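Worksheet for the structure shown next.
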Amino acid sequence: MRAVLQAISEELARLKAEGEQVVPVSEEAIAGLRALVRARGGAAAPAAPARTERPAGAAGTSAAVAADFAAFARQPAARAAAPAPKLPAAPPAKVLPPAPELVLPVGDKALRWAALKELAAKNPVCAENLRPGKKLVLGSGSLDAKILFVGEAPGAEEETQGEPFVGPAGEILTKMIVGMGLKREQVFVSNLVCWRPRSIEPSGRETPQAAELAYCLPFLRAMIEIVQPDLVVALGGTVAQALLGERFTKIGEMRGKWHDFDGRPLMVTYHPEYLLRAVSKKSKRSVWEDLLQVMERAGLPISEKQRGYFL
Ligand code: URA
């Protein structure tokens, strides 16, 4: 039963990662889920009137629960389609000034990196968007890295420490990097947006708005110009869309393929947060296959053991 609930939640996470905002759910499907929750001993909300008869006493047994689930999984799309639920109103679209033109001084990487941090620190729009007492987050890692990872925007831990990917998603990212036979210090990790966004998706997830992505893009371009990585890895659909513009369709179609960002190879994969929710081997293997391609292209050695992870 746990496995069924896990499978449902992973499927929803996968759909969300692919950009689906709304999943129509029929009354029967909801009844099936209620039965699952009841069978786990949870307090389910009162059930909708049953549409199918069941032998007395069968409700709540694992056979009945499996039958409920199988029934709603088999529902033809037309029956499953219910009016889309009303979502909470989206936050007002942010309006920001045009993206800044960042001019870096001539010099070595360390000097240019210090100059970029200074430009960010003095930028009034960055300052306005920062929460009181919190820090801007640009990037961290080796300025000579071959691989540069790009995430979306800092979260609570990141804005406190001023470092990207130091919270729960960061733990996953670090595991991915270590799986590739590297240390965090050997790659460069950055974000598209330098401050923690205030907009919240209906799911409760913080998400940057288009204006924030556009405003901060020059900072990412400057980081890439300084580090000069062999390749860039976009973590998640929001980042991939911001970097690929009209070429972006769906994360499920873009991931695992090579694209081009400003003349540099760009690999798209799922965001580490997706792996926080979708823990199946299949999800991990998908991301891992993308990273195997990154390793190959970066000329990193790949052992048989690494090739077989999550199979
Ligand atoms: N998610 C991101 O995209 N970036 C971070 O730095 C942390 C979480």
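Filter segment 166-225 down to the residues that are of a type in the set (S, T, N, Q) and farther than 18 Å from LYS135 by Cβ and list them by number.
THR174, GLN186, SER199, SER203, THR207, GLN209
Out of all the residues in segment 274-303, which are of a type in the set (Ser, Thr, Tyr) and either farther than 17 Å from GLY181 by Cα or at pLDDT below 95 (or both)?
Listed by number, the residues that qualify are TYR274, SER280, SER283, SER286.
Assess whether LYS117 counts as being over 20 Å from the mean Cα position of the chain (by Cα), more than 25 Å from MET295 (Cα to Cα) and more than 12 Å from the ligand (Cβ to nearest atom).
yes
Taking segment 122-161 as the region of interest, how many residues are assigned to a helix (DSSP H, G or I), among the polar types (S, T, N, Q) and away from the ligand (no atom under 16 Å from the Cβ)?
0
Given the condition at pLDDT below 95 and surrounded by fewer than 22 Cβ atoms within 10 Å (Cβ to Cβ), answer yes or no: does some residue in segment 217-226 qualify?
no
Being touching a residue at least 60 places away in the same chain (Cβ under 8 Å) and touching an Asp or Glu at 6+ places or on another chain (Cβ under 9 Å) is the filter here; which residues of segment 245-275 pass it?
Correct list: LYS250, ILE251, GLY252, TYR270, HIS271, PRO272, GLU273.
Please tell me if ALA81 is more than 24 Å from the chain's Cα centre (by Cα) and modelled with pLDDT of 95 or more.
Criteria not met by ALA81.
Please go through segment 185-211 and give me each residue that is crowded, with 19+ Cβ neighbours inside 10 Å and more than 17 Å from the chain's Cα centre (by Cα), ordered by number.
Matches in segment 185-211: VAL187, PHE188.
The values are calculated or read from the model by the stated rules, or taken from the named source; none is laboratory data. Everything numeric here is computed off the predicted structure, so don't read it as measured data. Note that we place each Cβ from the backbone using ideal geometry, even for glycine, and neighbour counts take in every protein chain shown.
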